[in-house]
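Working notes, beginning with the structure itself.
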Amino acid sequence: MIFAKDYFNPLDRPDPPPIGGTSVHDIGMSVVAGISGSGTELIGAAIRQGVGQIHIEMSGVGKGSAQAQTPGMYGRELRQAMKDLAEVNEVTLTHHAPFNIMGYSGQDQQGNFSDEQRKFFVDELKRNIDFSADLGSDAVTLHTGEFKRPISEQPWAKKDNKPGHYFRQFEEEPQKAHFVVVDDRSGRAVRVVEKSEEVARPKWKQSDHGYTYVADKLDEIRKVAKAGEVVRVNPNDYIDYEGKRLRIQDRVPLINPNTGRFDVEIKKWNQFEDEAKEYNKHREMDLGRPLRPEERFTPEEAFMRATMEIQEGHSKGWALQYAQDFSKNVDRLAKLKKAKETYQQLEKTIPETEKWRLLRNDPEFGPYIAEFIPPDKKYPSEILDEQITNMRRQVEFASQASTSQQQQAIETYNTMQHLKSASKYALEKSALSYAEAGIHAMKQSKEKPVYIALEHIFPESYGGHPQELKHLVLASRKKMSQVLQEQGYSKPEAEKAAENHIKATFDTGHLNLWRRFWRGSDEDFKKWMMKETEEIAKSGIVGQLHLADNFGYHDDHLTPGQGTTPVKEMVEMFKKYGYDKYITVEPGADATVDVGAWRGMTRTWSMFDSPIYGAQGAQSFTRSLGWTDVQSSYFGQTYAPRFIFGQYSPSNDWTLWTQVPLE
């Protein structure tokens, strides 16, 4: 370590090169606005600690406070002062959007998806992009976590070609996993479907042999074939009661000839998985092309369709029943009115002395009750008038009931057409959000391209797995490219812009959180970590690398090397594939349980065997040193330490003539 020099910044010796290809200058440190300091003080403190790259993190959302600051609390002059301080000290700044916003799909605490919520989050991200651009920073990290999804049901969680799982959130998750289905018109969560649920539904009428017939107008209405065409029916095709072929969405229940009832069966989750595959097969046949991922039917959508088909069928049945009663009652009403007119004429022509002969018992109570309650005597026209009133009420009831049941059937059908797995819905919204943010970053780019960097975080939410992170980045780039092309950009220009302004942040500590859900040995887990690290390093999508450690239980932000995360090997993997962008230590625990957050920096530098040397003005050597002068000391003190160590200390093979070793 070199000290007592008149320069202010820490510098690396060009020779010898750092071990592992990572130097002090490569590794920066994060500071939290409001906690680590504010404004120029925030940057100045980090500079004095020897940091060459400072990652400014914001925790506030909406209106900020002293401990949860937002970009809105930093005016133009302060932003310029922070930028100037960084430039004059040759320090690079990067930025982290509010870390308590996890995911930009717009999901609220009730599990519903709201465009208002999504816009609020995107607007927060945009003002953080503006802040970053004003500081001369080009990287804005943000947290993903688009929605909760069952870990055990993801393709990467299951073992290849054999039973069992690499990951599961809890022991019974493969049997009790649940999925959310939303209405894509409103984003409202319609139902939470659990794998352990069972649904009673009819058996469908299917052909037991192959044959052909000539299509008629009904086949054309059902979109099976044009009238006059020959229709081929294969074994197991869905057919109606006349033997006509049906599409899967029009199938009819099978009646049991022995019981005269429709057959019903109990269906379980694995059957809905098969049904989803069948739906996808039929849809591909209808479209004449392979389905895109977002078009594919999922088991939870098949489950919800099954339950809603029952509701639709129930409503249709009652609508038909009430409609049938309506027609009969309208006919009866016409007959009653005609009879009333006849008896009114008769009653007018009969003398008053003879009218008593027309009186009849009022059938109000029916033949059985009339034995106990003497009936009233009324003229036929009066009795018929009461019957007409009652019949009108029955006609109105049948009309209203049939209409409402038909409306309910239509609404149920329409809802079925808009049922969408929360995973598909959320990913569409997330890609749109990140595309909008990427375009905003492009517009705010001044001296260098500003980009957003999506960071994987907790395993329990989508985006936490490296493969999901990669999918989010690529899907967002695709969406941004589509929007730009609609605005007049050429396809190559749009794709290049999307690649420049949407990237990923890889966090070593967050990847280690998967250890808690791993079903295997520690050795195999490390192999898995390094495999995933290599895959995402090779992809070239990463624009920020965060270094943190933990023991695999929680995101405790230990200093690299103090937990179970193979941080050094992971960084070396990125370097192997040419990574040359930002590397940031995110100290957390050290700020609470050790002498300060800066200890995370010095420990990390030491772990990478980087030469560490600082700068300070000339010092007086008249005062003797005590233990407090040297314990845990690199930078951050008011004077430079008066000792050297590591590769800078002299060899013990050489000593002074006094035989006193150098320290």
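Readers should treat all values here as calculations from the given coordinates under stated rules, not as data from a laboratory. Treat the numbers as computed from the prediction; the structure is a model and nothing was measured. Cβ placement follows ideal geometry from the backbone for every residue including glycine, while neighbour counts extend to all protein chains displayed.
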> Near the amide H of Gln206, under 5 Å away, which other amide H atoms are found, from residues 5 or more places off or on another chain, if H is placed in the peptide plane?
Replying inline: Ile239
>> Classify segment 199-309 from the C-alpha gyration tensor, please: rounded if a/c falls under 1.5, else prolate or oblate depending on whether a/b exceeds b/c.
In response: oblate
> Using θ = phi - 60° and the Karplus form 6.51 cos²θ - 1.76 cosθ + 1.60, what ³J(HN,Hα) does each residue of segment 151-157 get, whole Hz, x for Gly and Pro?
Replying inline: 5, 5, 8, 7, x, 6, 8
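What number, rounded to the nearest 500 deg cm²/dmol, is the helix-based mean residue ellipticity at 222 nm of the chain, given -39500 (n - 2.57) per DSSP H run of at least four residues and division by all its residues?
-13500 deg cm²/dmol
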> For the pair Ala227 and Lys538, how long in nm is the line joining their label points, each one 7 Å along Cα→Cβ?
Replying inline: 6.0 nm
> Which angle between 0 and 90 degrees, to the nearest 10, do you get for helix 522-539 versus the longest principal axis of the chain when only C-alpha atoms count?
Replying inline: 90 degrees
> DSSP loop trypsin sites (Lys or Arg not before Pro) in segment 62-96 with at most 14 other Cβ atoms within 10 Å of their Cβ, which ones?
Replying inline: Lys63
>> Placing unit charges on C-beta atoms (Lys and Arg positive, Asp and Glu negative, everything else neutral), compute the dipole magnitude of segment 199-309 about its Cα centre in debye, rounded to 20.
In response: 60 debye
> For Asp549, which sequence-distant residues (separation of 5 or more, or a different chain) have an amide H within less than 5 Å of its own amide H, given hydrogens modelled in the peptide plane?
Replying inline: His557, Leu558
> Once phi is turned into ³J(HN,Hα) by the Karplus curve 6.51 cos²θ - 1.76 cosθ + 1.60 with θ = phi - 60°, what whole-Hz value does each residue of segment 43-54 show in order, with x for glycine and proline?
Replying inline: 7, x, 4, 5, 4, 5, 7, x, 8, x, 9, 10
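Normalised by the number of residues in segment 199-309, what is the relative contact order in percent for Cα pairs under 8 Å and 6+ residues apart? Walk me through the numbers on the way to the answer.
On the way: 158 pairs, mean separation 29.7, N = 111.
Contact order relative to length: 27 percent.
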> With a ≥ b ≥ c the root eigenvalues of the C-alpha gyration tensor of segment 349-472, is it rounded (a/c under 1.5), prolate (a/b larger than b/c) or oblate?
Replying inline: prolate
> For the chain, rounded, prolate or oblate, judged on the Cα gyration tensor with a ≥ b ≥ c (square roots of eigenvalues), a/c < 1.5 rounded, else prolate if a/b > b/c?
Replying inline: prolate
> Once phi is turned into θ = phi - 60°, what whole-Hz ³J(HN,Hα) does the Karplus curve with 6.51, -1.76 and 1.60 give for every residue of segment 246-256, x standing for Gly and Pro?
Replying inline: 10, 6, 4, 6, 10, 4, 10, x, 8, 9, 8
> Where the centre of each part is set by its Cα atoms, how far does segment 33-94 sit from segment 455-511, in angstrom?
Replying inline: 27 Å
>> Quick check: residue separation of Phe551 and Gln311 times 0.36 nm, minus the Cα distance between them. What number comes out in nm?
In response: 81.4 nm
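For segment 176-242, run through the chymotrypsin sites (Phe, Trp or Tyr not before Pro) and keep only the ones in DSSP coil with at most 16 other Cβ atoms within 10 Å of their Cβ. It would help to have the intermediate numbers written out before the result.
Values: sites: Phe179, Trp204, Tyr211, Tyr213, Tyr238, Tyr241; in loops: Tyr241.
Answer by residue number: Tyr241.
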> For the cross-link pairs Lys267/Lys424; Lys162/Lys531; Lys491/Lys581, which exceed 22 Å when the distance is taken from alpha carbon to alpha carbon?
Replying inline: Lys267/Lys424; Lys491/Lys581
>> Could you tell me which residue out of Ser433, Leu291, Asn89 lies farthest along the dipole of the chain toward its positive end? Charges go on the beta carbon: Lys and Arg +1, Asp and Glu -1, centred on the Cα centre.
In response: Leu291
